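K.L.:
Have a look at this one.
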Amino acid sequence: MIEAARAFQQHFGSPPLRLARAPGRVELLGNHTDYNQGLVMALAVDKFITVAGAPRADDTVEMVSTAFPTPARFSPDRLERDPTVPWADYPKGVLAQLREHGLALRGFNAAIHSTIPLGAGLSSSAALLVATALLVRKLYPYTLDATGRLVSLPPFSGEERPALDAAEKLALARLCQAAENRFVGVNCGLLDPISSLFGRARQVILIDCRDLAVDWTPFAPGFTVVVAHSGVRHALVAGEYNDRRATCEAAAAALGVAALREVSPELLEAKRSLLTPHQYECAVHVVGENDRVRRGATLLRAGDFDRFGQLLWQSHASSRDYFHNSCPELDTLVELARQHPACVGARLTGGGFGGATLNLVRNGAVEDFRAHLAAGYRSRTGRTMESWVCHVVDGAA
Ligand code: ADP
Ligand code: MG
């Protein structure tokens, strides 16, 4: 039995009516490019949040999670953050958005179960937002058009669901982003919910953050992604993040463009004198990442995975030497990955300043690679490293 359904039965004493499931995601290439209107490669991976639910006759929402001891109980008419059940801020944020969009939402019961590690760079928060939005869509049917306008639908009969088209997925991603930005108060991008919604099995998602165009290209057959967590999260991450964001914007303004996306490597060198050293270094990273994503898509399409892997090493070096969002622990993980013959590329993934690395490893040597990384990391840093084997899957449904 599906764990979320089991948890539902256990807590509420009856089986759920509907299930919704959203995968985690990982950034394959394209670091800090999203808010520069740039290019990103992401993968939806086989770690999921599943939400099981059933409507209630009254106007109460009751939610439980197998990851947290305290259930949340509230009225959909009074959605407020509650420091005693902070995890529920995420689903509440989605409900608040749906209400703001005009959904006639009544009560329901829901149970959450997740196989996405929290805070490991796989975006459990976006998966929770997306799964919640899709569960509500199954209990209180609605559609969203491309402009985000919500229309309530009559209850679906049987198991028939109108499939989400691309415009509705994008509108849902925006709604989830607004939930995290406005209700939870985390300044996240659209990348995470887009990746969770637009994923395709064995395909890399190519996201153009200027016009939010999404495309796909086959992921490297014969390779597996291993995400390795450093176990560190350096202090002042938010301040560093804000600094990089502001610096990228200032660099774009100094170069006379709307965003660093508009800048080619050649233009950056030609106009280098217009930038402060810090602005220049940040721009080198972002412009280089956009360029690597473009070249990476060509290499993936050509089946040249060894050269694709080279771009991952280069991406990490750029983070370390120019954007300064790596740290000794992440550098150690990438150095250890480089020693292993089955790894064709590794880099820090996500914001940086701690967190995780992504490793592209030949199938057949994955367990040996993980053991090598864990042993090396322990002997060099005294720290325990956790890693996850990730397969590329379809998006949320
Ligand atoms: P991540 O990088 O995994 O997205 P975040 O800090 O953005 O890390 O989000 C983690 C938060 O999402 C948790 O603190 C919790 O509030 C919520 N969350 C994640 N998984 C679950 C779950 N299984 N049940 C309830 N809440 C969850
Ligand atoms: Mg998150």
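K.L.:
Does L17 meet the test of being open to solvent by less than 10 Å² (accessible area, probe 1.4 Å) and either at pLDDT below 95 or in the same structural domain as K138 (by TED's automatic domain parsing) (or both)?
P.N.:
no
K.L.:
In the list V393, V361, which residue meets the criterion of being touching a strand residue (DSSP E or B) at 6+ places or on another chain (Cβ under 7 Å) and open to solvent by 10 Å² or more (accessible area, probe 1.4 Å)?
P.N.:
From the options V393, V361, the qualifying one is V393.
K.L.:
If you take the residues in region 59-89 that are open to solvent by 60 Å² or more (accessible area, probe 1.4 Å) and more than 15 Å from ligand 1 (Cβ to nearest atom), which one is nearest to F108 (Cα to Cα)?
P.N.:
D59
K.L.:
Among R161, R233, R182, R261, which is the only one that is more than 25 Å from A397 (Cα to Cα) and touching a helix residue (DSSP H, G or I) at 6+ places or on another chain (Cβ under 8 Å)?
P.N.:
Result: R261 is the single residue among R161, R233, R182, R261 that is more than 25 Å from A397 (Cα to Cα) and touching a helix residue (DSSP H, G or I) at 6+ places or on another chain (Cβ under 8 Å).
K.L.:
Please go through region 121-156 and give me each residue that is in contact with a helix residue (DSSP H, G or I) (Cβ under 8 Å, 6 or more places away or on another chain), at positive phi and within 16 Å of ligand 1 (Cβ to nearest atom), ordered by number.
P.N.:
The one that is in contact with a helix residue (DSSP H, G or I) (Cβ under 8 Å, 6 or more places away or on another chain), at positive phi and within 16 Å of ligand 1 (Cβ to nearest atom): S123.
K.L.:
OK, next. In region 251-283, what residues are open to solvent by less than 50 Å² (accessible area, probe 1.4 Å), assigned to a helix (DSSP H, G or I) and of a type in the set (S, T, N, Q)?
P.N.:
Answer for region 251-283, where residues must be open to solvent by less than 50 Å² (accessible area, probe 1.4 Å), assigned to a helix (DSSP H, G or I) and of a type in the set (S, T, N, Q): just Q279.
K.L.:
Further question on the same structure: Starting from residues that are farther than 28 Å from V225 by Cα, outside any loop (DSSP other than H, G, I, E, B) and open to solvent by 10 Å² or more (accessible area, probe 1.4 Å), keep the ones in region 179-208 and report whichever is nearest to ligand 1 (Cβ to nearest atom).
P.N.:
Restricting to residues being farther than 28 Å from V225 by Cα, outside any loop (DSSP other than H, G, I, E, B) and open to solvent by 10 Å² or more (accessible area, probe 1.4 Å), the top hit is V184.
K.L.:
In addition: Please go through region 319-335 and give me each residue that is under 16 Å from A374 (Cα atoms) and buried (at least 24 other Cβ atoms within 10 Å of the Cβ), ordered by number.
P.N.:
Within region 319-335, L330, L333, V334 meet the criteria.
K.L.:
I've got another one for you. Can you run down the residue pairs with Cβ atoms below 6 Å, 6 or more apart or on separate chains, where the first is in region 80-99 and over 18 Å from Y140 (Cβ atoms) and aromatic (F, W, Y) and the partner is more than 14 Å from ligand 2 (Cβ to nearest atom) and part of a helix (DSSP H, G or I)?
P.N.:
none
K.L.:
While we're looking at this one, here's another question. Between a first residue in region 189-203 that is under 16 Å from Q37 (Cα atoms) and modelled with pLDDT under 95 and a second residue that is open to solvent by 30 Å² or more (accessible area, probe 1.4 Å) and among the polar types (S, T, N, Q), which pairs have beta carbons less than 6 Å apart while being 6 or more apart in sequence or on different chains?
P.N.:
Short answer, once both residue conditions are applied: L190/Q177.
K.L.:
A further question follows. Of the numbered conditions (1) in contact with a His (Cβ under 6 Å, 6 or more places away or on another chain); (2) closer than 30 Å to A302 by Cα, L150 fails exactly one; give the number of that condition.
P.N.:
(2) is the only condition that L150 fails.
K.L.:
Still on this model: Please state which of the following conditions R294 fails to meet, knowing it meets all the rest: (1) surrounded by fewer than 17 Cβ atoms within 10 Å (Cβ to Cβ); (2) more than 23 Å from the chain's Cα centre (by Cα).
P.N.:
Every condition holds for R294 apart from (2).
K.L.:
Looking at (1) within 16 Å of ligand 1 (Cβ to nearest atom); (2) touching a Leu at 6+ places or on another chain (Cβ under 7 Å); (3) open to solvent by 20 Å² or more (accessible area, probe 1.4 Å); (4) assigned to a loop (DSSP other than H, G, I, E, B), can you tell me which one L118 breaks?
P.N.:
Of (1) within 16 Å of ligand 1 (Cβ to nearest atom); (2) touching a Leu at 6+ places or on another chain (Cβ under 7 Å); (3) open to solvent by 20 Å² or more (accessible area, probe 1.4 Å); (4) assigned to a loop (DSSP other than H, G, I, E, B), only one is false for L118: (2).
K.L.:
When you scan region 213-220, do you find a residue that is over 20 Å from D34 (Cβ atoms) and surrounded by fewer than 20 Cβ atoms within 10 Å (Cβ to Cβ), even just one?
P.N.:
Within region 213-220, one or more residues are over 20 Å from D34 (Cβ atoms) and surrounded by fewer than 20 Cβ atoms within 10 Å (Cβ to Cβ).
K.L.:
Counting only residues that are farther than 19 Å from F8 by Cα and free of Cβ contacts under 8 Å to residues at least 60 places away in the same chain, which one in region 100-134 is farthest from the chain's Cα centre (by Cα)?
P.N.:
By that ranking, first place goes to A104.
The values are calculated or read from the model by the stated rules, or taken from the named source; none is laboratory data. Keep in mind that this is a model prediction, so the values were computed, not measured. No Cβ is skipped: glycine too gets one built from the backbone with ideal geometry, and neighbour counts run over all protein chains shown. Protein only, heavy atoms only, side chains kept; ligands, DNA and RNA dropped before computing areas. Shrake-Rupley method; radii C 1.70, N 1.55, O 1.52, S 1.80 Å.
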